[in-house]
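**Student:** Starting off with a structure, shown below.
The values are calculated or read from the model by the stated rules, or taken from the named source; none is laboratory data. As the structure is a prediction and not an experimental result, all values here were calculated from the model. Don't worry about glycine lacking a Cβ; one is built from the backbone with ideal geometry, like all the others, and counts go over all protein chains shown. All accessible areas refer to the heavy atoms of the entire protein, side chains included, with ligands and DNA or RNA removed. Shrake-Rupley method; radii C 1.70, N 1.55, O 1.52, S 1.80 Å.
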Amino acid sequence: MILVHSEARDASTYQDFGPMLTDQNRVFAITRPGYGRSESGKFDVQSQGDYLIGFADALRLDRAVFIGNASVSSELTYLAENYPDRVAGIVYLSGLSVPWMDMYSKDPNRAFEMFLQASPGGNNKEIITQARSQYRPLHVENDSITINVPALSIVSESGRIGNEKGVGALVLVGSP
C-alpha cells in the first residue's frame, strides 16, 4: 500500500493511520516532489502520478494499492487509467477533489482556494492551479473506456463525498 498525501502536506500525514494497515500489508507513505521538504517538482497531475509510479519502481513493487484523500484524487484516477497493470486498487478517502469538473468557477464554499492558500512553502497558488487544471481523465472524454481497477470511496456518515456536483471518482463512474 502506498499512502499519498494531499496539497500542503507530506508523508507524515499518515503517521497515525499508516501503522493500522501494517498487520497484513507492506505500507509506505510518500512525500510527493514539490511538497514538504522534498525537492521541487512539477505540480501537474500527470507528473505527480508518474512520480508515484517511479516511487513504486524504486521500491521494486510490481503492483500496489494507492490510498489518498482530497486533491490527490486526480492522481489516483490518473494512475488507474494509465497504469492499470501497476495498480492493485485505489482508495479515495473522504474529500474528493476533481478539478476537471470546473469546480474552480463553481465552488461556493471556496474549498479549492482554501487548500491552495495552505499550499507548500513559497509555491505560487496560480502555478499550482494552472498545472492541476489541465488534467482531464480519459473517462471524462470517452464514455466507452473501461477501467479494470478496483476502487473504493470512503464517505462521511451523511453520505456526502466532497464536491457533490460532478464527482469523478472511478468508484462512482463504473470501476469494479
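**Student:** Restricting to region 33-80, count the residues that are among the basic types (Lys, Arg) and touching a strand residue (DSSP E or B) at 6+ places or on another chain (Cβ under 8 Å).
**Tutor:** 1
**Student:** I've got another one for you. Restricting the first residue to region 121-150 and requiring it to be closer than 20 Å to residue 39 by Cα, which pairs with a second residue that is open to solvent by 70 Å² or more (accessible area, probe 1.4 Å) and at pLDDT 75 or above meet a Cβ separation below 8 Å and a spacing of at least six or different chains?
**Tutor:** 131/42
**Student:** How many residues does region 48-60 hold that are open to solvent by 20 Å² or more (accessible area, probe 1.4 Å) and in contact (Cβ under 8 Å) with a residue 40 or more places away in the chain?
**Tutor:** 1
**Student:** Looking at region 16-31, which of the residues that are touching a residue at least 24 places away in the same chain (Cβ under 8 Å), in a loop (DSSP other than H, G, I, E, B) and not basic (Lys, Arg) is most open to solvent (accessible area, probe 1.4 Å)?
**Tutor:** Per the stated criteria, the residue is 25.
**Student:** Mind listing whichever residues of region 46-74 are at pLDDT below 90 and more than 13 Å from residue 4 (Cα to Cα)?
**Tutor:** The answer is none; no residue qualifies.
**Student:** Moving on. Is it the case that region 75-83 has a residue that's modelled with pLDDT of 90 or more, under 15 Å from the mean Cα position of the chain (by Cα) and open to solvent by 40 Å² or more (accessible area, probe 1.4 Å)?
**Tutor:** Yes, the conditions are met somewhere in region 75-83.
**Student:** So, in region 43-57, exactly how many residues are in a loop (DSSP other than H, G, I, E, B) and in contact with a Gly (Cβ under 7 Å, 6 or more places away or on another chain)?
**Tutor:** Qualifying residue count for the region: 1.
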